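Written below as structure tokens is the structure these notes are about.
The values are calculated or read from the model by the stated rules, or taken from the named source; none is laboratory data. A quick note: this is a predicted structure, and the numbers were derived from the prediction, not measured. Don't worry about glycine lacking a Cβ; one is built from the backbone with ideal geometry, like all the others, and counts go over all protein chains shown. Remember, those area values only see protein heavy atoms, side chains included, never the ligands or the DNA or RNA. Shrake-Rupley method; radii C 1.70, N 1.55, O 1.52, S 1.80 Å.
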Amino acid sequence: MTILIIGIALWYGGHFWKRALPARHAAMGDKAKGVSALILLAGIILMVIGYRSVESYDLVAYPPFLKHINNLAIVFAIYFMSPGPSKGALFYKMRHPMLTGFIIWAVAHILVNPDLASMVLFGALTIWAVAEIVVINRAEPEWTPNPKGLIAKDGMFLGASVVLTLIIGFIHGLIGPSPFGM
């Protein structure tokens, strides 16, 4: 569990150090982006290693129908992480569609993974995304939404999200627990 927690800490640090240490970040100039990328990469690697190495047990027994809710939530998570909300007509006024999609993704994983390692990982990532929204909104209170796009763009990106969810589900089934129960 220690490796998992260190990975989560690096994830938080890689995202928040710009706001926590603005003078240091600014002094590094463009190199700061590379440092952030390396911190985040190390965090992701440690989260994966830590998550896969934890001997965990289910804390609760979830009903099987949550798999279906998870699958639907993942379609919406992928949609919100796509350019669809900013280019379409339905969610063009949404300020943080990508972080919203990330929250949906993390919560969906909690719905079907009732073990301690999943609760720690996906719970921490959910908290990070909510905190990121708060930090961004406080640092940059002025914001102008994108112009309204076409409903066809929403449909196109939603369709692509369904296809991508099926591909991810197939790959997920090959390398890990399958969200489709295969």
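Some observations on this one:
- Fully extended contour minus Cα-Cα distance, from Ile45 to Leu111, at 0.36 nm per residue: 21.4 nm
- Positive dipole terminus of the chain, leading residue within Phe157, His109, Leu121 (C-beta point charges): Phe157
- Here the extension length gained between Leu174 and Leu150 equals 5.0 nm, from 0.36 nm per residue of separation less the Cα-Cα distance.
- Those aspartates and glutamates that a straight Cα-Cα span of less than 16 Å connects to Lys67, excepting residues fewer than 8 apart in one chain: Asp58, Asp115
- The stretch 51-154: GluC sites (Glu not before Pro) in DSSP loop, at most 12 other beta carbons within 10 Å: Glu55, Glu142
- When the square roots of the Cα gyration tensor eigenvalues are ordered a ≥ b ≥ c, the ratio a/c for the chain is 1.5 or more and a/b does not exceed b/c, which makes its shape oblate.
- Inverse of mean 1/r across different Cα pairs in the stretch 22-115, Kirkwood, Å: 16.2
- Counting only lysines at least 8 places from Lys153 when in the same chain, those with an alpha carbon closer than 27 Å to its own are Lys87, Lys93.
- Test item: Cα-centred dipole of the chain, Lys/Arg +1 and Asp/Glu -1 on Cβ, debye: 560
- Taking amide H as placed 1.01 Å from N in the peptide plane, the amide H of Asp115 sits under 5 Å from that of Leu59, each at least 5 places away or on another chain.
- Lys/Arg +1, Asp/Glu -1 at C-beta; the chain dipole; positive extreme among Ile136, Ile39, Met98: Ile136
- Packing-based order for 65-73, 117-125, 44-52, using average beta carbon neighbours within 10 Å, highest first: 117-125, 44-52, 65-73
- Solvent-accessible heavy-atom area per residue, rounded to whole Å², over the chain at 1.4 Å: 59
- Database remark: amide H of Gly88 closer than 5 angstrom to the amide H of Gly149 (H placed geometrically; neighbours at sequence offset of 5 or more, or on other chains; Pro and chain starts carry no H).
- With all protein chains in place and a 1.4 Å probe, the accessible surface of the chain carries 73 percent carbon and sulfur.
- Take every Cα pair under 8 Å whose residues are at least 6 apart in sequence, average their separation, divide by the length of the chain, and the relative contact order is 25 percent.
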